[in-house]
Amino acid sequence: MSGGGFSNELAYRGAVCFNVTEHVTLVGELLGRRFSDSGRIIAMRAPHPTILNVDTIRLVSEDTSLSTAAGVLGAKWNVTGTWILSGHLLLPMSERGLRSGAVTLIGLDYAFGR
């Protein structure tokens with residue numbers, strides 16, 4: 001948990017790994033953030049301050065919290081003793097905040113020392 005700055009924030013993460021075989025591991029993760037003082041931005045109608053009978057639209061922040069979450073599913077395959085091929089799919093689990101659609105991640109890792 002962090003405080004100060006824009007808003008107080010709580011970040012949480014959790015993961016589960018399951019060895020299917022000696023060389024293959026399945027991974028599941030949950031990633032999330034909660035901002036306590038930053039609601040979403042909405043349009044609000046208000047009278048113009050100097051022109052009579054004219055309404056203006058103003059962007060204001062709701063007085064609520066904002067939470068975002070994503071789930072990750074993936075697998076890692078130890079191709080040889082020093083090479084690991086991995087693939088993951090990141091899926092947004094909330095409708096609020098800045099977010100993308102599903103994201104595919106593919107990696108190839110090499111260990112220099114054994």
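The values are calculated or read from the model by the stated rules, or taken from the named source; none is laboratory data. Remember, predicted model here, so these are calculated numbers, not experimental data. Positions of Cβ are backbone-derived with ideal geometry, glycine not excepted, and every protein chain shown enters the neighbour counts. With ligands, DNA and RNA removed, areas are computed over all heavy atoms of the protein, side chains included. Shrake-Rupley method; radii C 1.70, N 1.55, O 1.52, S 1.80 Å.
The order of the peptides 27-34, 78-85 by mean Cβ neighbours within 10 Å, most packed first, is 27-34, 78-85. Relative contact order for segment 58-114: 33 percent, from Cα pairs under 8 Å spaced at least 6 residues apart, divided by residue count. Given a 1.4 Å probe and the protein chains as shown, residue 109 ends up with an accessible area of around 80 Å².
With a simple spin-label model that places each label point 7 Å from the Cα along the Cα-to-Cβ direction, the separation between residue 18 and residue 44 comes to 4.8 nm.
Protein-only accessible surface at a 1.4 angstrom probe places the residues 88, 23, 48 in the order 23, 48, 88, largest first.
When a 1.4 Å probe is rolled over the protein heavy atoms, the share of accessible surface on segment 52-114 that falls to carbon and sulfur comes to 62 percent.
For segment 42-114, the direction-averaged projected area of the alpha-carbon convex hull comes to 8.8 nm². The residues of the chain expose on average 76 square angstrom of accessible surface per residue, using a 1.4 Å probe on protein heavy atoms.
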